[in-house]
Amino acid sequence: MGFKSLHKYLKQLGSCVKLYTVFTILFSNQLYGDIITSAATSGGHEVPLYYNNTNNGGITVNVTLTGTDSTTFSANGNLRLYISFAENGVEPNPPAVNPWVNFTTAGIVAFNGSNNASIHFNYNDISDGSINGAPQDDGFKIKVYLQILTPTFATAEEDVSFDDHNGGTTDYLIYDRVDPWLSSFSYPKTNAAAANTSGNEYPFNTKEITFNLSDNLYDYISNNPTGPTYTSYIKYINVAPPNLEYTHQIVLNSGAITVNTSSSNLVHGQRYQIKYYLVDKAGNTRGPSNVNNPNNDNDWEYDTTPPTMTITPTPNVNGKPSNKGMVVLTFNSNDETTNFLESDISLTGGGILRNFTVNTPNEEWLDTLDATTEGINTVSIALGRFTDLAGNDNTQSQFSYTWDKTLPTIGIDANLTNNSDDIVNFAEQATVIFKGTTNAPNDSIVYISVTDDSTGRGTENILTTTATVNGAAGTWETAPFDISTLDDGDISVTAEVYDKAGNLGMTVP
């Protein structure tokens, strides 16, 4: 509409040519006649609809006059720019010149006899003081206003259109010059975990990384497939040679986002540095930057192996009967952990735990088990009760023993000779057989002691022999035994047997 007024004025000067206008940004031009108007941003990361922090070259608006009467206008005319804002990225649409803000710097320039005039401005010249004093996230529009001082004449203002990087144009841009940033970056791991004692590197166990982003990232693949290929990424860099890199493009929205980088060939036990590079929806960038661990170190160790807790009893009663009702348990983790507690230990069969102490921080603990019920007692640590520093859940661990405090029974047959009496004569003294019964387990050893001290004066001769329990029958029997060295008279025979738990059963002479 403004150029129609200018067109009428030029007709008054004798020009019969048509008027054309060019609205351009970067490399796009549109011709409409005797006036060519172009507007271009300069810098990096040109993104549709946005004026970003990489466009530090500013914006240049050029006007070129053509036609037979252009010299008359160029001798007296001025080029003036106006700018208007709207909150929250909305396109400004004020009705007249007055709501528009005249640029405070280089807001007007004379043609001075030339057919070309240009005005350059940068982000320092853009202010929406009439609204809220901060142009961030505002939509802004530029208008060209041509005037002649003598005789006084002015065109109506005309929009300057910008290339939308998608084959068309847009009448306004959104001012966004705030770089994206990460408010958090985390792996699943114990919050209280310290670095490995062998160094500052922090372990991690997953290829899923959680970000908290301040802004949406630029998504050229989904939203603007014909536009520039600015890509955000996260990168693992192998610390030890060869310095292999595993790069993953990320296209994300703002807020808490989880990225799965499962395609990387990370190696258990290898140390990595993690770098990220962000391009937000407006083209603002951050990075490449290191992701430091809580120890302010940029080393991370890939660890996917679950920790295992070994349970060692003292005395060593693991998997067998014992008459020991009190057992000291040593818990050893093959990987560092900071969240193993006594409550992670469960008991079956009866018993109580006491005196839980840390023997070696993050690696070894002691506890005492007092059994309360005879039978099988089991100490267990279930799957997933604690984690290593990388966040891996523990495997299951278990130790069992049978508490048996009951003494075995044993008896001796009174008949010591083949004549089925309890008298040993001269002919029988070299082949005496002792036998009896017991409830001790099969293959238990029976210890037999024979003495000729019937008076208990301590001057006895003692002979010993052994027998093996036949568990099926519950019997035992010695081989033929020579007692000829004993004095004549009464003899005493004692039999003793230990069960598998170590309990001693014996006969009374």
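Read-outs throughout are calculated quantities, based only on the coordinates presented, and are distinct from any laboratory measurement. The shown structure was predicted, so the numbers you read here are calculated from the model rather than taken from an experiment. Reconstructed Cβ throughout: ideal geometry from the backbone, glycine too, with neighbour counts over all protein chains shown.
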Label-to-label distance, nm, for residues given as residue 490 and residue 398 (7 Å Cα→Cβ offset): 5.6 nm
Taking 0.36 nm per residue of sequence separation and subtracting the Cα-Cα distance, how much length would be gained by fully extending the chain between residue 334 and residue 258, in nm to one decimal? 24.4 nm
Just want the ordering: 85, 356, from fewest to most Cβ atoms lying within 10 Å of their own Cβ. 356, 85
Efficiency of FRET between residue 470 and residue 244 - r from beta-carbon atoms, R0 56 angstrom, step 0.05: 0.20
Potential lengthening between residue 413 and residue 353 on full extension [0.36 nm per residue; Cα-Cα distance subtracted]: 17.0 nm
Starting from the Cα of residue 383, step 7 Å along the direction of its Cβ; do the same at residue 342; then give the gap between the two resulting points in nm. 2.8 nm
What FRET efficiency comes out for the pair residue 289/residue 500, r = Cβ-Cβ distance, R0 = 51 Å, nearest 0.05? 0.20
Fraction in percent of alpha-carbon pairs per bin - 10 Å, segment 309-403: 17, 52, 26, 5, 0
Of 143/281; 405/435; 320/435; 320/405, which sit over 24 Å apart, Cα to Cα? 143/281; 405/435; 320/435
What order do you get for 486, 81 when you list them from fewest to most C-beta neighbours inside 10 Å? 486, 81
Compute the distance in nm between two label points, each set 7 Å from the Cα along the Cα-to-Cβ direction, one at residue 134 and one at residue 477. 10.3 nm
Taking 488, 404 and counting other beta carbon atoms within 10 angstrom, the fewest-first order is 488, 404
Full extension between residue 445 and residue 372 adds, at 0.36 nm per residue less the Cα distance, a length in nm of 23.4 nm
